[in-house]
Structures are given as structure tokens and as C-alpha cells.
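Here's the structure, in C-alpha cells; my notes come after.
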Amino acid sequence: MKIWIINGPNLNLLGLREPEIYGRETYGELEARIRAYCENKGIEVRFVQSNHEGDLVDAVQQAYFDGADGIVLNPAAYTHTGIALLDALRAVPVPAVEVHLSKPEEREAFRRVSYVRAACIKTITGMGGDGYLRAVDALEEHYARRH
Ligand code: DQA
């Protein structure tokens, strides 16, 4: 099984960025934790982080062309604006799980809308970095039901 983990803008600054909301784990530490978790399960994993919306659209498409079996996506602020990302997820037959470190639904009103949600099999919020591991579990279960 192969999973792509796609992270949007400012998530490269995890650890530095508003630690009271996003925690003190750095992006590198989170990536290492997800990598170890996947390796232990025999899942191949690939990471993309970009601050640019089009790069995230490209990553969703590339995941498909790479033969990925699932996508874990935290579009960050593009969650609330990114119709192109929704369209990309709808365009490719790769199951995706939406992850947020915080609970956007309990924050400012502008964070309550998620465009990508309509194209995701599951949404996980408010679990910090552990949410990515739960997303991997969800994709693994989804894959097992189909193979
Ligand atoms: C976020 C929540 C978004 O509202 C915000 O713009 C982010 C991070 C999260 O992981 O909690 O950048 O996606």
C-alpha cells in the first residue's frame, strides 16, 4: 500500500507557529513520526508540503499517477477557500482523508467551511499530529475492505 501525505501552507512552520494551537512538534518531527508509523505497517509513504495552492493540486494529481492508494490531506488555510483542491480530489479515484491539527469548527467562523470535505471519506480534527496516524489507519481499513 502507498499513501501520500499532503500538507498546505504554513505547516512547514509547525513548532514555531502558534504552539498554543498547533503544539510544539516540528514539521520534521511529525514527518518522522508518520514515516515510522507507516514503515512499521509496511506502508510506503511520500510527503509533500507546499505554501502554494497549485502545488497542492499538482500533488493530488501526481498521487494518482504514482499509483497511490490513499491521500492524507491537510490543506491548512486552503481548506476554507480551495475549490480547485476539491475539484482535484473529485477528479482522481484516490480515497482521501482530511486532517486538521486543531478543531477549525470551534475557531473563527471563516474556518467552519471546508470545501475539500465533500470529496473525503473521513475528516479528523483536534487530535494534533496523532490525527495523521488515525488517517493512515482509516485509509488502511478502507484499502483492506477493497482488496
Ligand atoms: C489547520 C486549520 C486551518 O484553519 C488553518 O488555516 C491551518 C491549519 C489545522 O491543521 O488545524 O493552517 O488546517
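The values are calculated or read from the model by the stated rules, or taken from the named source; none is laboratory data. Treat the numbers as computed from the prediction; the structure is a model and nothing was measured. Methodologically, a virtual Cβ is constructed for each residue, glycine included, from the backbone with ideal geometry; neighbour enumeration extends over all protein chains shown. Accessible surface is based on the protein model in full, side chains and every heavy atom, while ligands, DNA and RNA are left aside. Shrake-Rupley method; radii C 1.70, N 1.55, O 1.52, S 1.80 Å.
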task = For residue 124, enumerate residues with amide H under 5 Å from its amide H, sequence gap 5+ or separate chain, H modeled in the peptide plane.
result = 98, 99, 100
query = What list of ³J(HN,Hα) couplings, whole Hz, do you get for segment 81-86 from phi and the Karplus terms 6.51, -1.76, 1.60, once you set θ to phi - 60° and write x for glycine and proline?
reply = 9, x, 5, 5, 5, 4
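Using 0.36 nm per residue of separation minus the Cα-Cα distance, give me the extension gain between residue 66 and residue 137 in nm, one decimal. It would help to have the intermediate numbers written out before the result.
Numbers: separation 71, 0.36 × 71 = 25.56 nm, distance 2.06 nm.
Fully extending the segment from residue 66 to residue 137 adds 23.5 nm.
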query = Want the number for residue 145 to residue 80: 0.36 nm per residue separation, take away the alpha-carbon distance, what's left?
reply = 20.3 nm
query = Expressed as a whole number of Å, what is the distance separating the alpha-carbon centroids of segment 35-52 and segment 17-31?
reply = 17
task = Could you pull out every residue, at least 5 positions away or on a different chain, whose amide H is within less than 5 Å of the one on residue 47? Hs are placed 1.01 Å off N in the peptide plane, and Pro or chain starts have none.
result = 5
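What number comes out for accessible area per residue over segment 71-147 if the probe is 1.4 Å? Units Å², please. Intermediate values should be presented prior to the final figure.
Numbers: 3560 Å² over 77 residues.
Accessible area per residue: 46 Å².
Show that you can apply the helix-only estimate: for the chain, add -39,500 (n - 2.57) for every DSSP H stretch of four or more residues, divide by all residues, and state [θ] at 222 nm to the nearest 500. Mind showing how you got there, number by number?
Values: 5 runs with 58 residues, N = 147.
Counting only the DSSP helices, I get -12000 deg cm²/dmol.
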The chain: relative contact order as a whole-number percent, Cα under 8 Å and 6+ apart = 26
query = Say we join alpha carbon atoms closer than 10 Å with springs in a Gaussian network model of the chain; which of 84, 109, 76 then has the biggest fluctuation?
reply = 109
request  = Could you work out how far apart the two model spin labels at residue 121 and residue 17 are, taking each label as a point 7 Å from the Cα in the direction of the beta carbon, and quote it in nm?
outcome  = 2.7
ask   = So how do 50-61, 18-29, 88-99 stack up, highest first, on mean other-Cβ count within 10 Å?
value = 88-99, 50-61, 18-29
ask   = Within straight cross-link reach of residue 103, meaning Cα distance under 25 Å, which lysines are found once same-chain residues fewer than 8 apart are removed?
value = 122
request  = Tabulate in residue order the Karplus-calculated ³J(HN,Hα) for segment 68-73, using 6.51 cos²θ - 1.76 cosθ + 1.60 with θ = phi - 60°, rounded to whole Hz; enter x for Gly and Pro.
outcome  = 5, 9, x, 10, 9, 10
query = Given C-alpha coordinates of the chain, what is the ratio Rg to Rh with the Kirkwood estimate of Rh?
reply = 0.93
